[in-house]
Amino acid sequence: MPDPNPTVMEFLLTRRSRPSKTLTAPAPTRDELMPILTAAARSPDHGKLEPWRFIVLQPAALARLAEFAAIRAEALGVAPEQLAKTQSSLRGAPLAVAVIAAPKPSGKIPEIEQLYSAGAVCLALLNAAHAAGWGANWLSGWAAHDRGFVEEGLGLAPAERVAGIIHIGTETSTPPERPRPDLDAITEWVEA
Ligand SMILES: Cc1cc2nc3c(=O)[nH]c(=O)nc-3n(C[C@H](O)[C@H](O)[C@H](O)COP(=O)(O)O)c2cc1C
């Protein structure tokens, strides 16, 4: 017999990201963030490789990255408005957690499964932050995919990638619902 948990089900059925620009201080303290990271690290991980890690970015680090983004934008020819968007998102954030996909050499577990696991960690982190009462938003952007930015700015190894940058803070407004998928259009029931 199923043993339902209606509170969790209701949370999952109504979960909604909070746009990062609507997040403000205070951000979770280290003690408040630890259970959120613990929940995120409790994600499916084929082969128990732990192919991910966290970088917790506090305001001074985010400001440093905003400055560094300007250097990378010039090197890459990123449009000024794109740079401004990235800088304002970094400078305005009370806290962000970069989830780093860190694939491990394995003859058994394909790298793509390790990347899927990193994506699962991102969603679990987002959900745990929301469940703890914070607003949170999963972002990426051009800088998250720029090797110069992630290796020099965040200290990533060549094989590592940014799976997501999860902004976490105090929400100032609840966004309206956004359209959700038509389940009939994306679901196939195979009976035999
Ligand atoms: C891998 C990934 C990267 C994303 N990057 C951005 C981004 O850079 N900027 C943005 O506005 N939204 C981005 N989004 C979408 C936001 O997370 C958006 O708020 C989300 O789709 C809202 O969905 P939810 O309410 O179901 O959580 C990204 C989503 C994913 C999965």
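Each value in this text was obtained by applying a stated rule to the coordinates, not by laboratory testing. As the structure is a prediction and not an experimental result, all values here were calculated from the model. With ideal geometry, Cβ positions are generated from the backbone for all residues, glycine too; neighbour counts draw on all protein chains shown.
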Quiz item: Which pairs do you get when a residue that is more than 30 Å from Ser140 (Cα to Cα), found in the stretch 1-21, comes within reach of a residue that is away from the ligand (no atom under 12 Å from the Cβ), reach meaning Cβ atoms under 7 angstrom, with the pair 6+ apart or on two chains?
Solution: none
Quiz prompt | Number of the exception - Gly148 against (1) surrounded by 13 or more Cβ atoms within 10 Å (Cβ to Cβ); (2) within 9 Å of the ligand (Cβ to nearest atom) | solution = (2)
Quiz item: Any residue in the stretch 5-15 that is under 14 Å from Trp134 (Cβ atoms) and not in a loop (DSSP other than H, G, I, E, B)?
Solution: yes
Quiz item: In this structure, is Ala66 within 16 Å of the ligand (Cβ to nearest atom), surrounded by 15 or more Cβ atoms within 10 Å (Cβ to Cβ), over 16 Å from Ile165 (Cα atoms) and touching a residue at least 12 places away in the same chain (Cβ under 8 Å)?
Solution: no
Quiz item: Considering the stretch 168-186 alone, what residues qualify as being within 22 Å of Ile36 (Cβ to Cβ), surrounded by fewer than 17 Cβ atoms within 10 Å (Cβ to Cβ) and either within 13 Å of the ligand (Cβ to nearest atom) or without any contact (Cβ under 8 Å) to a residue 12 or more places away in the chain (or both)?
Solution: Thr174, Pro175
Practice problem: For Ala61, indicate whether it is surrounded by fewer than 19 Cβ atoms within 10 Å (Cβ to Cβ) and assigned to a helix (DSSP H, G or I). | Solution: yes
Exercise. Could you figure out which of (1) over 19 Å from Pro19 (Cα atoms); (2) within 13 Å of the ligand (Cβ to nearest atom); (3) not in a loop (DSSP other than H, G, I, E, B) isn't true of Ile165?
Key: (1)
Quiz prompt | When residues of the stretch 151-162 are limited to those that are buried (at least 18 other Cβ atoms within 10 Å of the Cβ) and hydrophobic (A, V, I, L, M, F, W, C), the one nearest to the ligand (Cβ to nearest atom) | solution = Val162
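Applying the selection to the stretch 73-86, what residues are more than 28 Å from Tyr116 (Cα to Cα) and either surrounded by 13 or more Cβ atoms within 10 Å (Cβ to Cβ) or within 22 Å of the chain's Cα centre (by Cα) (or both)?
Answer for the stretch 73-86, where residues must be more than 28 Å from Tyr116 (Cα to Cα) and either surrounded by 13 or more Cβ atoms within 10 Å (Cβ to Cβ) or within 22 Å of the chain's Cα centre (by Cα) (or both): Ala73, Leu76, Val78, Leu83, Ala84.
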Quiz item: closer than 27 Å to Trp134 by Cα and in a strand (DSSP E or B) - does that describe any residue in the stretch 100-112?
Solution: yes
Practice problem: Would you please name the residue that is nearest to the ligand (Cβ to nearest atom), looking only at residues in the stretch 16-48 that are in a loop (DSSP other than H, G, I, E, B) and hydroxyl-bearing (Ser, Thr, Tyr)? | Solution: Ser17
Exercise. Would you please name the residue that is farthest from the ligand (Cβ to nearest atom), looking only at residues in the stretch 89-125 that are without any contact (Cβ under 8 Å) to a residue 60 or more places away in the chain and under 19 Å from Arg64 (Cβ atoms)?
Key: Arg91
